[in-house]
Structures are given as structure tokens and as C-alpha cells.
Amino acid sequence: MSDQGDRVIELTEPRDLKGAEGADLQSPPPAAGRTGSAEPHSGSAARVLDTFGRPLANLRVSVTDRCNLRCQYCMPEEEYVWLPRDEILNFEEIRALVEIFAGLGVTKLRLTGGEPLLRRDLDQLLHMLAANPLLRDLALTTNGLLLGQYARALREAGLHRLTVSLDTLRPDRFRALVRRDGHAEVLQGIAAARAAGFSRIKLNAVVIRGFNDDELADLIDYGRDAGVEVRFIEYMDVGGATHWSMSQVVSRAEMLQRLESRFGAIEAVHANGSAPADRFVLPDGTRFGIISSTTRPFCGSCDRARLMPDGMWLLCLYAERGIDLKGMLRGGAPREEVAEAIADAWRGRTDRGAEQRRTMKARDVLFRVEDLRRDPHREMHTRGG
Ligand code: SAM
Ligand code: SF4
Ligand code: SF4
């Protein structure tokens, strides 16, 4: 990364990245002659490429670090350190930053969190963002608990796509996993989203051995009936996943094998460039996806960055340092200067965190609880999934 002066905030080095020496890292192939540069793309925005030729095209905006669930794989602790409220970006600041990112080539935006539907007046923010003609895809990831209440307003505000997270069809398991009630509300939320006109709803299910790995086929059946496409996610060692262990990860290969023995031959659907999910089709035409961030990471084509609720910008989910864009905005930096700082950082981007993690000899949790308490920027619910 190029020098960003005091805007770069160092985070504690993740435990296992320190032990990566000697690891046989697979570098994504650079796009010949086009690395670390900017070039025009369709539309009026510039296209900024990192050192591996990966464009800055996809931004995830975590609008709050707060959550109304406590999923064991994301927020397993009893207590959390939250970002100070006056540090949280207001809607105008988010709009301003999104405009700058869109001017640099971002066309896909996803709102996430924490639980984004806890952010008051989120539909107003969506309305503001939907007016940006450079954004071709405006999506949101939610745990679905409040979807019944907000689905229609989200649709009317201009949201294009929804992803709902639901890991189990069994209410007792749901309660054990998220340490709250609400399974019926999530199912109602999905139905409400369909009724509100969302047609491309995806359902994210993190698969954990010994917890819900016996529900793969049931989730597929549910998705087919409910009109949503299921995407199984390999359990990742990110942020607050302090109970993670490799033995709990069900690999993409194992998921496919299990589903094939139940449904018959599975075919791969032709891959779409930088999309994280590999998509497949069952003999009856049902489609599903697998996000294999742990065993088959897709860093080589990764075009996404993350903006945290307080304006800290990360070039990778596993990034050790962030760039304080809110500091620049509130310090009165002109937009061109913020844009140049972003472009400059992206041109120097070498991140491929998940690939590096995969090469760890003795892979353990990414952060200890004390590290997370020292700096909430390391949490998955702050970084946004
Ligand atoms: N609260 C919203 C939700 O749960 O959909 C949005 C934020 S959440 C951090 C985004 C996604 O990250 C969810 O689909 C969640 O299942 C996923 N996630 C969180 N921790 C994970 C982990 N350790 N491994 C894999 N996926 C994880
Ligand atoms: Fe669960 Fe999402 Fe909340 Fe994390 S942010 S605890 S994944 S609902
Ligand atoms: Fe992209 Fe980093 Fe995730 Fe790899 S680990 S896919 S580089 S965000």
C-alpha cells in the first residue's frame, strides 16, 4: 500500500498471518500491462486497478456495528466494545463517499453490518444511493428479523437485491445459534420480501459441522419452495469467530458430494468473473451457490472493499490496517483529494487475505478476544460480511 500518512490506522497483526513465512502463496495473475493503473470503463468513471490488475468495482458499506442477534460464528462473546456513536458516518457522509467510489469505478454496492435494518431511516439512505446513476447494483444483507416490517419500504426506496442469512430451518437450533428468538420472524420476513416484489432473493447459510451440516438438502428444498436461491458459506475464521476451528469447516467438495448423493448429478453454472459464490444446478433445475472462502478462496478476482460504519476503509476482509476516510471528510479535504487517496491505496493493493490464511500450517482463530476488545474494527460485525 502506498503511504497514506496518518490516515492509515494500524490494527494488531492477526495471529496466524505472522506465522505465514515459507508459505507457498499463490499470486493471482496480474492483468498484463494494466496493473496499478487507471483506465476508462463504460460510463464516465475511471477504472482503478490494483497490483494484480483487480478493479475497484464493489463496495460493502457496513452501516452499523450493532446487531439484534448474537450468532455463535460472528458474535460469540457476552460483551462487545462498540464504535462511539458520534464516530458513525451520517447519511450525507455515506452518500459523499459512495459518490467518490462510484467515480472511481464502483458499480456494485451492498449495505451490511451488524444488522443494517437497525440503522434508523435506512430507506432514506437507500433512496439517496439509488439516485446515483453509476451504481448498477444496490443490494443489502440482513438477518431478516426486521424484514417483515421494512421490506416494502426498502423496495420502494430503490433497493435491487436482498440476501437474507438463515442457517437452519429448526427453531430450536436457531435459538441455540443466535442466542435470541425470531426464527418465525425471519421466515415471515422472507415471505414479506417476496410479496414486496424482490425476485432475486438469496439465502446465506453458514455450514458448521455438527451443527447444521445435516440440513443442506432441507435448505435447498426450502429455497426451492420459497423462491430463494440458497448459498452455502464455508465457516470462516474472520473477526469475531473466536470459536472457529478447521474441524468444524465443511468444505465445498464435501457439500457437493453430500448434495449429489441426495439429488443426483450436479452441474456447475458458468462462472461470473468476480462473484464469490460458485453456482451449481441440480437435475431438477434448482440452482444454489457455495462460497468457499476457507478452502478455495477467490482472492484472485476480488474487486471488493469495505467501508466500516465510522468511515474506516479496508482493502480486504482480513486487512490489518484501514484508511480513515471520515477523518479526511470531516477535516474538510476536497473530494478530489479523497478520491486520489482511495485510488492511490487501491493501486498499491496486494491483499489476498483468505489465500494467505489457507496456507497456514496450524490454522487457528484470526483474533483473540483481547485483540477484539482492544479494537472493534477487527470484528466481522463491524467490517460487514
Ligand atoms: N447481520 C446481517 C446478516 O447476518 O445477514 C449482515 C451482516 S453479517 C456479518 C453478513 C454475513 O456474514 C452473514 O451472512 C453471516 O452469516 C456471515 N458470517 C458472519 N460470520 C461468519 C463466519 N465466521 N463465517 C462465514 N460467514 C460468516
Ligand atoms: Fe449474526 Fe449478522 Fe449479527 Fe453477525 S451481524 S451476529 S452474522 S446477524
Ligand atoms: Fe478479497 Fe480479501 Fe476476501 Fe481475498 S480475503 S476475497 S482479497 S476480501
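Between D284 and A184, the modelled label-to-label distance comes to 2.7 nm, taking each label 7 Å out from Cα in the direction of the beta carbon.
Along the axis of the charge dipole computed for the range 54-383 (Cβ charges of +1 for Lys and Arg, -1 for Asp and Glu, origin at the Cα centre), the listed residues A268, G348, Y318 are led at the positive end by A268. Taking a straight line from the alpha carbon of K108, these aspartates and glutamates sit under 14 Å away, with near neighbours fewer than eight places off in the same chain left out: E99, D137, D303.
Restricting things to alpha carbons, find the Rg to Rh ratio for the chain using the Kirkwood radius for Rh.
For the chain, the value is 0.94.
Using 0.36 nm per residue and subtracting the Cα-Cα separation, the extra length available between A265 and A362 on full extension is 31.4 nm. Here's the picture: a label point sits 7 Å out from the Cα of M246 along the beta-carbon direction, and within the range 345-377 the residues with their amide nitrogen under 12 Å of it are 357-365. Take 187-199, 234-246 and order them by the average number of nearby Cβ atoms within 10 Å per residue, most first; the result is 234-246, 187-199.
Comparing mean-square fluctuations of L325, L282, L154 from a GNM of the chain with C-alpha springs under 10 Å, the top value falls on L282.
Of the residues P309, P55, P84, which exhibits the maximal mean-square fluctuation in a Gaussian network model of the chain defined by a 10 Å Cα contact cut-off? Looking only at P309, P55, P84, the largest GNM fluctuation is found for P84. A Förster radius of 41 Å combined with the Cβ-Cβ distance from D172 to R85 puts the calculated FRET efficiency at roughly 0.70.
For an R0 of 22 angstrom, estimate the FRET efficiency from the Cβ-Cβ distance between R321 and R95 and round to the nearest 0.05. FRET efficiency, R321 to R95: 0.30.
Taking Cα centre as origin and charging only the Cβ of basic (Lys, Arg, +1) and acidic (Asp, Glu, -1) residues, the dipole magnitude of the range 54-383 rounds to 420 debye.
Calculated mean residue ellipticity at 222 nm for the chain: -8500 deg cm²/dmol, from DSSP H runs with n ≥ 4 weighted as -39500 (n - 2.57), summed, divided by the residue count and rounded to 500.
Extension gain for the segment T295 to E77, taken as residue separation times 0.36 nm less the Cα-Cα distance, is 75.9 nm to one decimal.
FYI, it's all coordinate maths here, none of it is from the lab. What you see is a predicted model; the values in this text were computed from it and never measured. Positions of Cβ are backbone-derived with ideal geometry, glycine not excepted, and every protein chain shown enters the neighbour counts.
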